[in-house]
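See structure below.
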Amino acid sequence: MTESINIMRHESIFNPKEYPYPIHIIGAGATGSRVFAALVELGITDLHVYDDDVVEDHNLANQIYGVDDINEPKVNGCIAFARHKLGIVPEGMEAYNRRVTDGYLRNGGVAGGIVFLLTDTMASRREIVAGLHRRCHSLGSAAASAPLLVIETRMASTHGSIFTLNLFDDELYKQWRSTLVDDDDEDSIELSPCGTALSVGTTASLIANYAVWQMMQFFVDPVGLQPRVDLFFKPTLTMTMSAIAA
């Protein structure tokens, strides 16, 4: 058994042992579960994942969970993924079957390191980032519980955005807040025929992996970080060789 993964294929690009900071993943849905999987495969073990939802059968199409995870907490499914990948759950890897609220943050929850914010409502994003921003300014940059960086994602069926926030930068925080919309804004929500939000697994995977690249960029070369990245993925109609010949 082992509690670490062989990173020889990417160690020269990113060696997690050189960046011993906790990583917090708030939200373990389509994007969040894939961020968790990508971080495990990078060799990061100081992982803390938060979500109060359970796995349903329709989640299997766009999240990392399997049949055995149905009706179980999503955070438990993440830990099961790590156990399957590594053979053991590493020390320091924690699952929190709970919602992250302002009160939880005021009591010291989600302390320090990198925060991936991948919840499914604008209201929760607003509340969590406001709480982390308040912590930064009340404790100062030297405080171990202040986040180094917040990476927040948004996703539609064929496109998405990644926001990277230094919460000590008040102007950047203000600009980020201006991008938030109301959760009941029908124009901002794509709905499937059954009335639920659209979610495409491949889009979630692309957004999640780009978000993880932002974290890697922060550690390796923070000057190259972009505060906002918009990505667009849409299948295009291409002509087959037989159609061209005709």
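Evaluating ALA111 against the criteria (1) farther than 20 Å from PRO20 by Cα; (2) modelled with pLDDT of 90 or more leaves one unmet condition, (1). Within the bounds of segment 135-143, is there any residue that is among the charged types (D, E, K, R) and at pLDDT 95 or above? No - not one qualifying residue is present in segment 135-143. From the residues in segment 41-57 that are in contact (Cβ under 8 Å) with a residue 40 or more places away in the chain and in a loop (DSSP other than H, G, I, E, B), which one is surrounded by the fewest Cβ atoms within 10 Å (Cβ to Cβ)? The residue in question is ASP52. So, ILE88, is that one in contact with an Asp or Glu (Cβ under 9 Å, 6 or more places away or on another chain) and part of a loop (DSSP other than H, G, I, E, B) or not? Yes: the conditions hold for ILE88.
Note on segment 91-105: residues that are assigned to a helix (DSSP H, G or I), farther than 19 Å from TYR21 by Cβ and in contact (Cβ under 8 Å) with a residue 24 or more places away in the chain total 1. Suppose the filter is within 18 Å of the chain's Cα centre (by Cα), part of a loop (DSSP other than H, G, I, E, B) and surrounded by fewer than 19 Cβ atoms within 10 Å (Cβ to Cβ); does LEU167 pass it? So LEU167 does not fit the description; no.
Of all residues in segment 16-40, those satisfying the criterion of being in a helix (DSSP H, G or I), at pLDDT 95 or above and farther than 22 Å from HIS159 by Cβ are PHE36, LEU39, VAL40. Here is the figure for segment 181-219: residues that are modelled with pLDDT under 75, outside any loop (DSSP other than H, G, I, E, B) and either among the acidic types (Asp, Glu) or crowded, with 16+ Cβ neighbours inside 10 Å (or both) total 2. Scan segment 126-174 for residues that are among the polar types (S, T, N, Q), farther than 23 Å from TYR104 by Cα and in contact with a strand residue (DSSP E or B) (Cβ under 6 Å, 6 or more places away or on another chain) and the total you get is 1. Scanning segment 129-152 for residues that are surrounded by 15 or more Cβ atoms within 10 Å (Cβ to Cβ), among the basic types (Lys, Arg) and under 20 Å from GLY29 (Cβ atoms) turns up nothing.
Residues of segment 106-128 that are in a helix (DSSP H, G or I) and either over 18 Å from the mean Cα position of the chain (by Cα) or crowded, with 21+ Cβ neighbours inside 10 Å (or both): ARG106, ARG125, ILE128. Condition test on SER178, is it exposed (fewer than 10 other Cβ atoms within 10 Å of the Cβ) and at pLDDT 90 or above? In short, yes. In segment 49-87, the qualifying residues are those that are among the small types (Gly, Ala, Ser) and within 17 Å of the chain's Cα centre (by Cα), and the one that is nearest to GLY29 (Cα to Cα) is GLY77. What's the total number of residues in segment 92-105 that are of a type in the set (Lys, Arg) and loosely packed, with under 13 Cβ neighbours inside 10 Å? So the count comes out to 0.
The values are calculated or read from the model by the stated rules, or taken from the named source; none is laboratory data. The structure presented is a predicted model; accordingly, all values stated were derived computationally and were not measured. For neighbour counting, all protein chains shown are included, and Cβ atoms are generated from backbone atoms with ideal geometry for every residue, glycine included.
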